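The values are calculated or read from the model by the stated rules, or taken from the named source; none is laboratory data. Everything numeric here is computed off the predicted structure, so don't read it as measured data. Heavy atoms of the whole protein, side chains included, go into the accessibility calculation; ligands, DNA and RNA do not. Shrake-Rupley method; radii C 1.70, N 1.55, O 1.52, S 1.80 Å.
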Amino acid sequence: MPADDYGRGMRSFSVNLLARDMPASLAFYEQVLGAAVRYADSDFAVLKLLDFEFLLHADHTYDQHPLYERLKTPGVRGTGAELRVFGIDPDLLEKRRERRGRRLFRPRVISRTGGEM
């Protein structure tokens, strides 16, 4: 399935985890936690645990993300999770963010069809 089609069909909440070593991460989630691997390649995987799908991305696939430099620092992790909530009007989200004085690492607007604008 093309990535755009998969993304449009996702539930309202997803978790993306970054993996320094994709084969080791897959083995852990599958063999230790009992997750089912629905799709996997060297850069990306979709896993299902209980009734929840989550995604693994190889570190290098986030090379344009502001936190990427931190991923390359030995012994420093903990910045490798991205939580996404779908189905919220991006303009409303931006207004809420501004009112609360919060900062976004990489602001972006996602169109209703799922593409980045």
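A few points about this structure:
- Residues that are of a type in the set (S, T, N, Q) and open to solvent by 60 Å² or more (accessible area, probe 1.4 Å), drawn from segment 25-60: Gln31, Ser42
- The one condition in (1) open to solvent by 90 Å² or more (accessible area, probe 1.4 Å); (2) within 16 Å of the chain's Cα centre (by Cα) that Ala19 fails to fulfil: (1)
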